[in-house]
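Okay, structure first, notes after.
None of the figures in this text is laboratory data; all of them are computed from the coordinates on show. Keep in mind it's a predicted model, so treat the numbers as computed, not measured. Here the Cβ positions follow ideal geometry from the backbone for every residue, glycine too, while neighbour counts run over all protein chains shown.
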């Protein structure tokens, strides 16, 4: 439910790469403002009201923060420097420690569905111009002819998993493909749009030879660090004691209040490497500029039993999610012989990513040495407490890293006429007519 739009630099960098000013922050900002609005927490100490709009996606900041959250903000303000406080990460500068803005209102999650679809299907809605098909899967696009000699795709084949029957739907104008970083390349490849060599190996007729389909898969690797807490203030009993969990759930069902009405963490930080870090000389800086981060810390109240870790039966803990936000490793999405996706994120395969992952862990330990955490943070938990050297930290990362589910790039946008890329700046699929891609698979980068 965390909500952010990145730095102004990111959008300007995209516009420069694809040579289309429509993607610059100046041009994108009006759309951003029409998307969301703040519904509480308008305290100027936590957000900048002027940085937000009046759209249907409702955002909030913690009105009743955890003990951990107060200490994170206090530590940031006292340390400064690379750990400096940033009042609003949605104000254009995406570096610093801040209050998390979450898509939460009245104790419930807000989403594209609740913000945009629910009003269309409300009983009082007078003009319903949208049909939603449930329990169906788009299997592929079917060529519906040609337009000025270019293949046109205005027909979609859909499958009902229950009946196993397929049918087709044909658009009068165009199809908008929005199946995500995995689903979009899968559908394009099944449709004969992709690398000819890969398609021929699968006995799929190549209609449009587009080598970048499924390539450039970029994702944020996430690592999980646990620390004991010396105070009995965490939410761990909810996962440790079924009675406490039932009480919390009953409270939420009745009043939409209590611990289950909050996000798991209300503070986070985005950091850059030290300016003199040698890896920036060897590998270059993949971030868009000085207002764009290399790493992220998410501070979680309680123990998050992720990866191979199991919930301790007792005790109080906090979880820190350590994320590489500017990865240079690139993976791919291809198809297996049954035309299901083969997802290869290729995490931590670049020197830069491995180096940044270790630096992020060091920064977390440094941050917790701040006076604000005295009497609160205890010892590292599990294998984390045995780490001493860079090589041991990197081994920990490789053993326990997972994804934070921010994949992008498998239908990457590029400038019109460019040989690489999948879509033009208007998001139309290169070499086709009648189909656009509108999801995170078109992103140029993440920061």
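Assorted remarks:
- Counting 0.36 nm for each residue step from residue 29 to residue 246 and taking away their Cα separation leaves a gain of 73.8 nm.
- Per residue, the average separation of C-alpha pairs within less than 8 Å and at least 6 apart gives the stretch 319-447 a relative contact order of 19 percent.
- Relative packing of peptides 223-230, 359-366, 239-246 - highest average C-beta neighbours within 10 Å first: 223-230, 359-366, 239-246
- Pairwise Cα inverse-distance average, inverted: Kirkwood Rh of the stretch 82-209 (Å): 18.9 Å
- FRET efficiency, residue 170 to residue 120 (Cβ-Cβ, R0 22 Å, nearest 0.05): 0.45
- Helix axis angle, 180-190 relative to the chain longest principal axis, alpha carbon, degrees: 20 degrees
- Ordering 392-405, 248-261 by mean Cβ neighbour count within 10 Å, with the highest value first, yields 392-405, 248-261.
- Computed label-point distance, nm, for sites residue 415 and residue 209 using a 7 Å Cα→Cβ extension: 2.4 nm
- Correct choice for mean projected area of the Cα convex hull in nm² that was computed from the model, options (i) 28.4; (ii) 19.5; (iii) 24.3: (iii)
- Kirkwood Rh, angstrom, the stretch 246-298 [1 / mean 1/r, Cα pairs]: 14.4 Å
- In this simple spin-label model, placing a label point 7 Å from the Cα along the Cα-to-Cβ direction at both residue 22 and residue 44 gives a separation of 3.8 nm.
- Relative contact order, whole percent, for the chain stands at 20, derived from Cα pairs under 8 Å and 6 or more residues apart.
- Rounded to two decimals, the Cα-based Rg/Rh of the stretch 137-234, with Kirkwood Rh, is 1.24.
- Estimated inter-spin distance, residue 405 and residue 200, nm [label 7 Å along Cα→Cβ]: 3.9 nm
- Adding -39500 (n - 2.57) for every DSSP H run of four residues or longer, then dividing by how many residues the chain holds, sets the calculated 222 nm ellipticity at -7000 deg cm²/dmol.
- The C-alpha atoms of the chain define a longest principal axis, and helix 351-368 lies at about 30 degrees to it.
- Segment residue 78-residue 127, extension gain: residue separation times 0.36 nm, minus the distance between their alpha carbons: 12.2 nm
- The packing ranking of peptides 161-168, 43-50, highest mean first, is 43-50, 161-168, where packing means the average number of other beta carbon atoms within 10 angstrom of each residue.
- Considering all different alpha carbon pairs of the stretch 106-164, the Kirkwood hydrodynamic radius works out to 15.0 Å.
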